[in-house]
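Q: Before I ask anything, let me first share the structure, which is written out below as structure tokens.
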Amino acid sequence: METQDWIPELSGRVGEEVKRLRLRRGFTGQDLCEACQAYGFTITPGTLSRLENGQRNAGLAEILVLARVLDVPPMLVVFPLDGPSLDVRVASTVRLSAWDAFAWATGETPLEAPAAPDTPLGVLEEFRSHNRAVQAALESTLGAAKRRRAAMFALEEPDRSNLARTAESYEAVSQQDCLELRQRREAMRGRGQWPPPLPEVLAFVDSIERTADEAT
């Protein structure tokens, strides 16, 4: 067996998926090329046609820009989950189901034990945990602000007092979520990682002062 015989299969799958996604969005080949040009990437209709027909290997830059234009994660171009392929080859002698291939490529494959923090998978999980913490803090902070506004504009008692108590409970949750997020970001920096920028509504998190209990 040729050691590179799986590459045409990969190229064909990527090309088929690009074409399928393009048609789903109602793009002509020219439309897609012009959309790529708007991102500063030039691909001609002839080159796109060869790619879609599996006659040309797609480079990493092409996959990234095409995925951006087609509004899908890049790995869904390489390992489509709703395409016709039930299984795919990720190397000459390795064949996986479409989902297992996608999960391997994105680090979703379950581990028998947590990955060490200083390993690539450990860093990936740290950033995923950070994202979950951001979402929790964002949800509780926006929820608290919404309920505080409701309390402020309530015209009569006991509605005003009830709404104020509800707002206070949400604000307590928000405060805890934001504190935990700050601690997570500090821990990431302590390991030499660069946590992503926060949404504007949470920009204050990095400046939350340490409490006396935390300092001891």
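Q: Among 153, 79, rank each residue by its count of other Cβ atoms within 10 Å, from fewest to most, as a rough exposure measure.
A: 153, 79
Q: Please list, in order, the residues from the range 170-199 whose amide nitrogen is less than 15 Å from a point placed 7 Å along the Cα→Cβ vector of residue 207.
A: Only 198-199 fall inside the zone, counting backbone N under 15 Å.
Q: If I compute Kirkwood radius over Cα pairs in Å from the structure I just sent, which labelled value in (1) 17.3; (2) 19.4; (3) 21.5 lines up?
A: Only one option fits the structure, namely (3).
Q: Can you tell me which of 62, 200, 52 moves the most in a GNM of the chain? Springs connect C-alpha atoms under 10 Å apart.
A: Between 62, 200, 52, it is 200 that shows the largest mean-square fluctuation.
Q: From the Cα trace of the range 49-141, what convex hull volume per residue do you get, rounded to a whole Å³?
A: Enclosed volume per residue, from the Cα hull, is 167 Å³.
Q: Putting +1 on Lys and Arg Cβ atoms and -1 on Asp and Glu Cβ atoms, find which of 103, 37, 172 reaches farthest to the positive end of the dipole of the chain.
A: Result: 37, furthest along the dipole toward the positive end.
Q: May I pose another question? Ignoring everything except DSSP H segments at least 4 long, calculate the 222 nm mean residue ellipticity for the chain; use -39,500 (n - 2.57) per segment, divide by total residues, nearest 500.
A: Theoretical 222 nm ellipticity from helices: -19500 deg cm²/dmol.
Q: Could you pull the Cα extents of the range 7-106 along its three principal axes, largest to smallest, in whole Å?
A: Computed over the Cα atoms, the extents are 37, 23, 21 Å.
Q: Run the dipole for the chain about the Cα centre, Lys and Arg Cβ at +1, Asp and Glu Cβ at -1, nothing else charged, and hand back the magnitude in debye, nearest 20. Can you show the working numbers first?
A: Details: 25 positive and 32 negative charges, 101 e Å.
Using Cβ point charges on Lys, Arg, Asp and Glu, the chain gives about 480 debye.
Q: How high is the relative contact order of the range 104-174? Use alpha-carbon pairs under 8 Å, at least six apart in sequence, and give a whole percent.
A: Working: 46 pairs, mean separation 18.1, N = 71.
Dividing the mean separation by the residue count of the range 104-174 yields 26 percent.
Q: Taking the beta-carbon count within 10 Å as an exposure proxy, list 119, 166 from fewest neighbours to most.
A: With the fewest neighbours first, 119, 166 line up as 119, 166.
Q: Largest first, please: the extent of the C-alpha atoms of the range 120-215 along each principal axis, to the nearest Å.
A: 56, 27, 18
Quick note: the coordinates plus some simple rules give every number you see, no bench work behind them. Predicted model, so just to flag it, every value in this text is computed and none were measured. Note that we place each Cβ from the backbone using ideal geometry, even for glycine, and neighbour counts take in every protein chain shown.
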